[in-house]
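See structure below.
Rule-based calculations on the coordinates, nothing more; no lab input. Just so you know, these numbers come straight off a predicted model, no measurement behind them. We place every Cβ from the backbone using ideal geometry, glycine too, and count neighbours over all the protein chains shown.
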């Protein structure tokens, strides 16, 4: 990018740019002007605006969960540290534009109208920012010998162990770098990942990607609790952005945690969890509720009336058994039985067509942020994998762990402190 | 379903049911009441209501295109005609409820609370109807010897020929029955297909299914033209629901067309069209516009200023060449060069993760309705497959053709005239 190009960058997709942008745009065969002025109007009154990209933490973690996901894991294909750093700078600049609802560049104007490929692929022209967030994380494999980062690998960025029942496909797991794109419009999320992949051509390659819909957790008390593909409310007791103190304890890496460059960041664990929904759908309501430990309709803990009623793990029914069964999901996953460990979940439902055996390839793309996976995801999942009766209906087929650094300040770039 | 169960069916998902429904629901451990009353409020002011299921034509054809798709093709696994008819009756009853935003049944109440599987899988509880439409079609294979339908096969329901460049995967093609679910909420569309599949257990099996987003055509003049994953406006000259006379000529099967049971229906051609977007993204803007024959920003025909300007196929540039190139997509697909044949398109973008080679498995799930594929899709596609320069960037990997009968009247069922 030359200085001359700079003012051409970042044309609003919706006709909101000022005189400077317009003056440049009219030189480009009328393209940018028309694309902006003929933009579609917002389809919804809310959820169309931008989320601030810069800040002390990365957006997309405690941000009120958006409705759609495009998650991509990349392998770095260059072996040159400088090229990787240059890419991260370009990605950061693009991410700031994309999350503001701006196109990245002038559609071929750089080398004269029409003679270069468009800098932006164009399918989001006319669409609002739709609360797009882009969140980056670095996988354990990035800290091998290639880029001189071995000494920077945080102790908390462990390789996840094999959990009982795991059926992990390597092609859907790992990755040097992950980018989580969340938005209330799937086309906006897809557009963002696609353009980052395009910018990264020759330096990174997409290892796998995953689309999701219908957020399966709320991350704000202003949101209602959504339902997962088992038909149950999911994430009732999730950490929420309003829980500032708990977020410091459970989500944000603190300066005293070691790996200085990760302060203000968080560790992401991703799990592609396939649900055997055809089997689940033939299970009785009573059995389903016993497995989960909550009512299906209300979401209330068994024995209680309302979703947010406190769970009573001691109460017994007339049969002398605990009302919340000992091997129910809600008990085994609860902080009370996990040394107080909690997770900030922001997973998504997925349906990727069928699996060739007449079953929907469907489930939960689980995403959880935490301060230290060794004290949070790993012990919780170890217990669940061993005892949870839900295991009869799910299996984990993809897995990733990523160190997501703190937020980006203007003029900085994704991972600057890691490479400092 | 017994008569006694009938009033229990069809509880609104959003707390709108009347006294009768509530009276029954309170008997079910408070479940239905709570599920309805605690329903989430609408996320958007519009696009949340129902589309009428009954009528002279099936909904989901000229209905203003919704934003999301779940398409499923089924193989019939029973060989008994009576079982197939029974299934179609059950499906029709369920479709009427689902499209009205109602759950299908009482969540296990049939045999006493909790002792049966829920009749509805539950993940759409609290969600509005979101303009759900369910549209059924019958594939050529349904007219084999199994069900005594061979003599009913319409002449227009041909097996599609092999087109130049086709790379068709059998597992993503064909099917005895197709159901197209369209909605403005993906979870509502997924819920509908899943519950139809569940009802069909033992009689049909899902052969393949496809999710889509970002409708790539508008079917009403009240809608703006969306963009496909090539970044171009798609479907500018599509047939629209306001074109009543043209719809009779081009979309709706007429009584004189033969196959009496198809009157008021339409033929659906589905094509899974993979786009080589990584290659496209490295093609210059000028080349992209030459291939399509329209400006990328405006959507205007080359040489014109506005999207809906009439296309001038005769005009030449200063170089003496046609402004709309002879092998451009817009020229080859235009009715003027196809004996006046048109299609009503309502396809969707898809991104199904990656393909294992670092490329997005992305493209267009093309859906086109028409009165006679022999005069419409087949000759148009024959010409495109031979000459369209766009072929360098796309390939067709899935294919289906289905006879979609006319609309359902109350008391009737999907395909009743076929089995009469």
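Observations on the model:
- Label positions at residue A:256 and residue A:159, each projected 7 Å from the Cα along the C-beta direction, are separated by 3.2 nm.
- Extending 7 Å from the Cα toward the beta-carbon at both residue A:81 and residue A:412 defines two label points whose distance is 2.0 nm.
- Number of partner chain Cβ atoms within 10 Å, mean per residue of B:226-234: 5
- Sequence-separation-based contact order of the range A:3-419, relative, with Cα cut under 8 Å and 6+ spacing, percent: 22 percent
- Label sites at residue A:141 and residue B:395, each approximated as a point 7 angstrom past Cα along Cα to Cβ, lie 2.6 nm apart.
- Rounded to the nearest 10 degrees, the inclination of helix B:186-199 to the longest alpha-carbon principal axis of chain B is 60 degrees.
- Amide N of the range A:149-184 lying under 16 Å from the label point, which is placed 7 angstrom from the Cα of residue A:382 along Cα→Cβ: A:156-166
- The Cα atoms of the range B:3-419 give a gyration tensor whose axes a ≥ b ≥ c have a/c of 1.5 or more with a/b greater than b/c, which makes the shape prolate.
- Between copies, the label points at residue B:318 (set 7 angstrom from Cα along Cα-to-Cβ) are spaced 9.3 nm, reported in nanometres from shortest to longest.
- Once C-alpha pairs closer than 8 Å and six or more residues apart are averaged by separation and normalised to the residue number of the range B:295-362, the relative contact order reads 14 percent.
- Rounded to 10°, Cα long-axis angle of helix A:377-387 versus longest principal axis of chain A: 40 degrees
- Whole-Å distance, taken between Cα centres, linking the range B:236-283 and the range A:129-162: 48 Å
- Label-to-label distances for residue B:80 across copies, nearest first, come out at 7.0 nm, using points 7 Å from Cα in the beta-carbon direction.
- Taking a ≥ b ≥ c as the square roots of the eigenvalues of the Cα gyration tensor, the protein assembly as shown is classed as oblate, since a/c reaches at least 1.5 and a/b does not exceed b/c.
- Axis of helix B:81-99 versus longest Cα principal axis of chain B: the two differ by about 80°, to the nearest ten degrees.
- Distance between the C-alpha centres of the range A:372-420 and the range B:341-420: 41 Å, rounded to the whole angstrom.
- Inter-copy label distances at residue A:150, shortest first and taken from points set 7 Å along Cα to Cβ: 7.3 nm.
- For the range B:54-102 versus the range A:169-189, the gap between their alpha-carbon centres in whole angstrom: 33 Å
- Taken residue by residue and averaged, Cβ atoms of other chains lying within 10 Å of the Cβ of A:56-66 number 0.
- Take each residue in A:205-212, count the other chain C-beta atoms within 10 Å of its C-beta, and the mean is 5.
- Were the residues from residue A:89 through residue A:355 laid out at 0.36 nm apart, the gain over their Cα-Cα distance would be 91.9 nm.
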